[in-house]
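See structure below.
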Amino acid sequence: MQEYTIPEIQRTSLTAVILTLKCLEVHDVIRFSYLDHPEERFTLEALKWLYQCDAIDRRGKVTQLGELMVEFPLPPGLTRALLQAVSLGFEEPPAACSHHAVCGEHFHQTRPSREAEGGRSEAQAVGSADGQL
């Protein structure tokens, strides 16, 4: 087992970090003085991905879309999908998907109506009394 934890910047996606730095007008994100410097290939992958999502242009400048994306408290990929869905007229389903992906709440439990449950008790409708389904 390792004596210390690998720094988060070296084990997670850098797209949000790179986009934030670009919006703060840090132009050379590869040579930026990080506390724990990430591998260059991860920085280049993040730049490539941001370019593919239209968050930055060919020169590495942040686009209007990129400036909008950095305002959301979501990973840039989810933000891009959410903005695209809204531009196409879909609002609620993509927002719910983004929420579930970020918060980790993947199941939504609703109570069945009295007519639908056919006279069963609430414990029988949702699961057994001891919490087992």
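The values are calculated or read from the model by the stated rules, or taken from the named source; none is laboratory data. Everything quoted here is computed from the prediction, not taken from an experiment. All accessible areas refer to the heavy atoms of the entire protein, side chains included, with ligands and DNA or RNA removed. Shrake-Rupley method; radii C 1.70, N 1.55, O 1.52, S 1.80 Å.
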Extension gain, Q64 back to E25 (0.36 nm per residue minus Cα-Cα distance, nm)
12.7 nm
Calculate, in whole percent, how much of the Cα-Cα pair population of the stretch 8-87 lies beyond 22 Å.
18
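Pop out the carbon and sulfur fraction of the accessible area of the stretch 8-87 as a percent, whole number, probe 1.4 Å. Display every interim value, and only then the final one.
Details: 2760 of 5170 Å².
Looking at the stretch 8-87 in its full context, I get 53 percent from C and S.
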Taking 0.36 nm per residue of separation and subtracting the Cα-Cα distance, what length does fully extending R41 through S13 add?
8.9 nm
